[in-house]
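Here's the structure we're looking at; comments come further down.
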Amino acid sequence: MAQAKEGDNVKVNYTGSLEDGIVFGSSPEEDPLEFIIGQKKVLPSFENAVIGMNEGDTKTVSIPPEDAFGQPKEDLIFDVERTKLPPGIDLKLGGVLRVGSDTGKNFDVAITNINDETVTLDGNHPLAGKVLNLEIQLVEIL
């Protein structure tokens with residue numbers, strides 16, 4: 001039986017959870033995630049976990065932050081004066097805003113604190129600093 005290797009187009013079912021058991025993502029069983037190993041369309045650590053698996057195999061891996069979305073970067077957390085935000089904007093703790101950078105690129109930031117004068121925004125990936133636990137089933141090597 002062929003084992004998955006770099007360059008293979010594979011279909012996998014997965015469930016991703018955090019250390020506290022909260023599920024952050026999964027593939028629907030009827031619609032597995034498809035990718036080519038080595039093209040970096042998914043985390044390289046996810047790809048590496050699939051390498052060597054046979055069709056039908058299931059494995060669980062734990063990916064540290066350094067091999068996933070890294071540690072949170074303090075320079076991506078900043079306060080904005082409420083007066084500098086567009087009027088009528090819906091500010092909810094835990095909400096997400098799309099903001100523009102000095103380079104003209106747009107990115108999403110999470111609202112982590114709101115007070116009368118400022119809003120704290122966090123541009124880190126929501127999974128930064130988290131250990132990712134993945135249960136992976138190799139459905140098919142195409």
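Just so you know, all these numbers are worked out from the coordinates, no wet-lab data involved. Remember, it's a predicted structure, so these values are computed and weren't measured experimentally. Virtual Cβ from ideal backbone geometry, glycine too; neighbours counted across all protein chains shown.
Listed conditions (1) more than 19 Å from K130 (Cβ to Cβ); (2) in contact (Cβ under 8 Å) with a residue 60 or more places away in the chain; (3) under 18 Å from the mean Cα position of the chain (by Cα) are all met by T58, apart from (3). The test for being of a type outside the set (S, T, Y), closer than 30 Å to M1 by Cα and in contact with a strand residue (DSSP E or B) (Cβ under 6 Å, 6 or more places away or on another chain) holds for D57.
To keep it simple, each residue is scored yes or no on (1) touching an Asp or Glu at 6+ places or on another chain (Cβ under 6 Å); (2) in a loop (DSSP other than H, G, I, E, B).
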site	(1), (2)
G7	no, yes
V10	no, no
D20	no, yes
G25	no, no
E34	no, no
G38	yes, yes
K41	no, yes
S45	yes, no
N48	no, no
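Can you tell me which condition K41 does not meet? The list is (1) in contact with a Phe, Trp or Tyr (Cβ under 7 Å, 6 or more places away or on another chain); (2) surrounded by 14 or more Cβ atoms within 10 Å (Cβ to Cβ), and all the others hold. The number of the failed condition is (2). What do you reckon, is E29 part of a helix (DSSP H, G or I) and either surrounded by fewer than 17 Cβ atoms within 10 Å (Cβ to Cβ) or small (G, A, S) (or both)? No, not satisfied. Here the condition is being of a type in the set (D, E, K, R) and surrounded by 12 or more Cβ atoms within 10 Å (Cβ to Cβ); of E81, E117, E55, E66, it holds for E55 alone.
Hey, does segment 40-50 have a residue that's within 30 Å of I141 (Cα to Cα) and among the acidic types (D, E)? Before you say what the answer is, go through the steps one by one.
Narrowing segment 40-50 to residues within 30 Å of I141 (Cα to Cα): 40-50.
Applying the additional criterion that residues be among the acidic types (D, E) yields 47.
Yes.
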